[in-house]
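As structure tokens, the structure follows; a few thoughts come after it.
The values are calculated or read from the model by the stated rules, or taken from the named source; none is laboratory data. Being a predicted model, the structure only gives us computed values, none of them experimental. For neighbour counting, all protein chains shown are included, and Cβ atoms are generated from backbone atoms with ideal geometry for every residue, glycine included.
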Amino acid sequence: MPDKIDKIYYSIGEVARMFNVNTSLIRFWEKEFDIIKPQKNKKGNRLFTKTDIDNFHVIYHLVKERGFTLQGAKNKLKENKEEVVNSVEIVKSLARIKEFLLDIKQDL
């Protein structure tokens, strides 16, 4: 049985909590980056998919972790999005390994 069930759609509040940012930043990045394309329900609420979340990870990595300007991040995504995505995946893998090793250390 899986530990975690992925949802189909995430609210803007859920996405903001995932990245520990304000919802206004999520809306701003949505306007600035054309790779973010949330669905909207009848009330006009944004519904983000797993693909949108993955794209937010890429943007977050470039802007918050690597210090790119918004224009620099846009240019980097245009130049070679695949390289950036691979870099983000490596960082995520290393974070999981670190967490695993810290758990082992704690159990010793």
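Could you please find all residues in the stretch 65-78 being surrounded by 14 or more Cβ atoms within 10 Å (Cβ to Cβ) and in contact (Cβ under 8 Å) with a residue 12 or more places away in the chain?
Scanning the stretch 65-78 gives Leu70, Ala73, Lys74, Lys76, Leu77.
May I ask you to list the residues in the stretch 88-108 that are without any contact (Cβ under 8 Å) to a residue 12 or more places away in the chain, aliphatic (A, V, I, L, M) and outside any loop (DSSP other than H, G, I, E, B)? Steps first, answer last, please.
Here is the first cut: in the stretch 88-108, the ones without any contact (Cβ under 8 Å) to a residue 12 or more places away in the chain are 89-90, 93-108.
The next check asks that each one be aliphatic (A, V, I, L, M); those that pass are 90, 94-95, 97, 101-102, 104, 108.
Listed by number, the residues that qualify are Ile90, Leu94, Ala95, Ile97, Leu101, Leu102, Ile104.
For the stretch 57-87, name all the residues that are over 14 Å from Phe33 (Cβ atoms) and either of a type in the set (Phe, Trp, Tyr) or part of a helix (DSSP H, G or I) (or both).
Within the stretch 57-87, Glu65, Glu79, Asn80, Glu82, Glu83, Asn86, Ser87 meet the criteria.
Search the stretch 8-32 for residues being in a loop (DSSP other than H, G, I, E, B) and surrounded by fewer than 13 Cβ atoms within 10 Å (Cβ to Cβ), and hand back the single one that is modelled with the lowest pLDDT.
Of the residues in the stretch 8-32, the ones in a loop (DSSP other than H, G, I, E, B) are 8-9, 11, 20-22.
Filter once more, keeping what is surrounded by fewer than 13 Cβ atoms within 10 Å (Cβ to Cβ): 8, 20, 22.
On the way: Ile8: 89, Asn20: 94, Asn22: 95.
Checking each candidate, the answer is Ile8.
Pick from Leu47, Leu62: which is surrounded by 14 or more Cβ atoms within 10 Å (Cβ to Cβ), among the aliphatic types (A, V, I, L, M) and in contact with a Ser or Thr (Cβ under 8 Å, 6 or more places away or on another chain)?
Criteria check complete, one pass: Leu47.
Can you name the residue in the stretch 43-66 that is touching a strand residue (DSSP E or B) at 6+ places or on another chain (Cβ under 9 Å) and among the hydrophobic types (A, V, I, L, M, F, W, C) and is also farthest from Val85 (Cα to Cα) among such residues?
Leu47
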